[in-house]
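Note sheet for the following structure.
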Ligand code: ARG
């Protein structure tokens, strides 16, 4: 008859190697064993499988675990290979392990189970980086340095203000990763192929056994259907088997973080080039031919990881785009984009933390450079504006002075001459000589900008407290 044709489940053919994800599935080997165990325990508790058979399967899984991923028989993927290894040990009853499930809900559960761990690791790496930034910032609240726009000297700031600008962004990255964690932390198991099962499965029980407890974030936003009805479970079985937006969200959070991180790396590469930061030898590298070179290679690699992450996100979204419900094998090639991204970004973040923690900021060089390029011009304009000159007019005075000084800081006589031209009156009709001198001094210029979030030491002290509180 044509009804029951027993054939090797994965005979393959020419496309055998192409179809198999067994090697890549090493990443979810431990996850699959955990998922198998939880499922078998639940099947026994629900009297779907005898306790004795369940015990034999669990014992076999123990052996499969000690033998390791490399010892698995051939298979289309890790799920099939583990099942084959269990049947080899238990006999036909080992096949009861796959009652009331499909590889579709199984693989989705495995990915979420493993990704949780990876997301926590990446979030921890962002926290370690933030700690390194805060520690360095605490030492440099008073270290004045040039601040740039368009790569040109713009206004003096401090090293602490600069470092905390990145800390603030990385704090949001931590939050985004933890949000992604919350929505990842739900169990698809029990969805079977996508269409549920007639067996009396307890999906909340397997979720509990696997530590899926949903997230406060997803619950609060009501973003997960059935969040109130089923604890820790992706309720709709078609959504559970097909959904990979948790991968997209996680990878997007990583790519966002890597993008900001590449900006920090770029700043440090530029500053190292100018002698504004001394990177520790462990984070620099020499040239194989040019003996005098000390290059910021480590940070250039950190900068490049944004390329991996954006590529990973783009590869993932391109693979997911237009996939119809419910399961399509394309999904097998979606997952590795997320693994590669999370590995590259976590590593880069940890390396950046080390580089920041060991870097030194030469205060004298930085302060000397802080006033270059007439970076105090805005402060003088502000002083005039505070004395009642319309800011636009004050801007005109300083723009004319800048032009006359041709890239340098004009002396006070020049400023006064220009003021006379533009305002028709002496500069000192509006502001005292001391006031102008203070505005031209980079240290006092920074100290004067004490608006909330600004670079003045008192304002940065508040930001430091907020950053420290955010990390705890
Ligand atoms: N290895 C597959 C994946 O990663 C899971 C297997 C499901 N295969 C299938 N033909 N339904 O998506």
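We did not get these values from a lab; they are worked out from the coordinates using the rules stated. In this text, all values refer to a predicted model and were calculated from it rather than measured experimentally. Methodologically, a virtual Cβ is constructed for each residue, glycine included, from the backbone with ideal geometry; neighbour enumeration extends over all protein chains shown.
Length available on full extension from residue 45 to residue 259: 0.36 nm per residue minus the Cα-Cα distance, which gives 72.3 nm. In percent, rounded to a whole number, the relative contact order of the chain is 16, using alpha-carbon pairs under 8 Å and six or more apart.
In this rough spin-label picture, where each label sits 7 Å from Cα along the Cβ direction, the residue 333-residue 408 distance is 6.4 nm.
If you count the DSSP beta bridges with both ends in the chain, what percent of them are antiparallel, to the nearest 5? The antiparallel fraction comes to roughly 90 percent. Put in order of Cβ neighbour count within 10 Å, fewest first, the listed residues 205, 404 become 404, 205.
The C-alpha atoms of the chain define a longest principal axis, and helix 78-90 lies at about 30 degrees to it.
With contacts taken as Cα pairs under 8 Å at a separation of at least 6 residues, region 233-382 carries a relative contact order of 32 percent. As a calculated quantity, the FRET efficiency between residue 74 and residue 117 at R0 = 30 Å, using C-beta atoms, amounts to about 0.65. Between residue 89 and residue 325, what FRET efficiency follows from the Cβ-Cβ distance if R0 is 35 Å, with the result rounded to 0.05? For residue 89 and residue 325, the calculated efficiency is 0.45. Spin-label model, residue 288/residue 63: points 7 Å from Cα along the beta carbon direction are separated by 5.0 nm. The label-point distance for residue 420 and residue 385, in a model that sets each label 7 Å from Cα toward Cβ, rounds to 2.7 nm. Once the Cα atoms are used to define both axes, helix 51-67 deviates from the longest principal axis of the chain by about 50 degrees. Residue order for 412, 48, fewest other beta carbons within 10 angstrom first, comes to 412, 48. As a calculated quantity, the FRET efficiency between residue 280 and residue 142 at R0 = 22 Å, using C-beta atoms, amounts to about 0.45. Rounded to the nearest 10 degrees, the inclination of helix 412-423 to the longest alpha-carbon principal axis of the chain is 90 degrees.
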